[in-house]
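Here is the structure we will look at, set down as C-alpha cells.
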Amino acid sequence: MTQGNPIKFRGLDHVVLRIIDLDAMMHFYCDILGCSVERRSDEIGLIQLRAGNALIDLVPVSGRLGMAGGPAPGRAGHNLDHFCLRLEDFDAELLRDWLVRNDIVVGDVEQRYGAEGDGPSLYIDDPEGNTVELKGPPNA
C-alpha cells in the first residue's frame with residue numbers, strides 16, 4: 001500500500017449479475033447455496049441476496065436497471081469470469097453430495113490461493129453459466 005493511501009480492503013462487498021431467468025437463479029442461490037433475500041427493488045429490477053458478509057445482486061435484463069446494461073449475458077459472452085464465495089467449513093464429500101443431489105455439475109476439489117492463502121475449493125456454474133468458486137478455510 002502506498003503511504004498515505006486511505007483505501008483498506010475488508011473483503012468482497014457485492015457482485016452484480018445480469019440475469020435472464022430469475023426463478024432459476026433464485027432457486028440456485030437461495031435453495032441450493034443457501035443465500036437469503038436481503039432486499040428487493042422491483043421497480044428498478046434488483047434483488048439483493050445475502051451471502052455471509054457479502055451480497056450477490058441479481059439484475060434481470062428485462063428490468064429497468066438490466067436494460068441499461070446492454071445485451072443479455074450468455075454462455076458465449078459473460079460479464080464476469082467467476083466469483084468466489086468463502087465457506088466457513090469445507091467438507092468436500094458433503095458439499096459434493098449436496099450439489100450433485102441438486103443436479104449441479106461439480107469440478108474437482110483443488111488447492112487454490114485466495115484472499116486468506118491456499119485452501120480447498122471447487123467450481124460450479126449457476127443456471128446462466130456464471131462460474132462460482134466455493135472456497136474453504138486456508139490450510140493450517
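Every number here is computed from the coordinates shown, using simple stated rules; none is lab data. These numbers come from a predicted model, not from an experiment. Every residue, glycine as well, gets a Cβ built from its backbone with ideal geometry; the counts of neighbours run over all protein chains shown.
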Taking Val16, Val132 and counting other beta carbon atoms within 10 angstrom, the fewest-first order is Val16, Val132
Options (i) 25, 22, 14; (ii) 51, 26, 12; (iii) 32, 14, 12 are given for semi-axes √(5λ) of the Cα gyration tensor in Å, and the computed one is (i)
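What percent antiparallel are the DSSP beta bridges of the chain, to the nearest 5?
Values: 21 of 32 bridges.
If we restrict to bridges inside the chain, about 65 percent are antiparallel.
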Long-range amide H contacts for Ala51: which residues qualify at under 5 Å (H placed 1.01 Å from N, peptide plane, sequence gap of 5 or more or a different chain)?
Ile56
How much mean residue ellipticity at 222 nm does the chain get from its helices, if each DSSP H run of length 4 or more adds -39500 (n - 2.57) and you divide by all residues, to the nearest 500 deg cm²/dmol?
-3000 deg cm²/dmol
Amide H of Leu46 versus every other amide H placed in the peptide plane: which residues, excluding those fewer than 5 positions away on the same chain, fall under 5 Å?
Ser41
Note down the magnitude of the dipole of segment 1-136 about its Cα centre, charges +1 on Lys and Arg C-beta and -1 on Asp and Glu C-beta and zero elsewhere, to the nearest 20 debye.
580
Starting from the Cα gyration tensor of segment 54-109, take the square roots of the eigenvalues, sort them a ≥ b ≥ c, and report rounded, prolate or oblate (rounded when a/c is under 1.5, otherwise prolate if a/b is larger than b/c, else oblate).
prolate
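If each residue of separation counts as 0.36 nm, what is the full-extension length gain between Val37 and Asn102 once their alpha-carbon separation is subtracted?
Separation in residues times 0.36 nm, less the Cα-Cα distance, equals 21.4 nm.
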Under a crude label model (7 Å from the Cα following the beta-carbon direction), how far is Val16 from Ala76 in nanometres?
2.6
If you take every DSSP beta bridge fully contained in segment 81-140, what fraction is antiparallel? Give it as a percent rounded to 5.
65
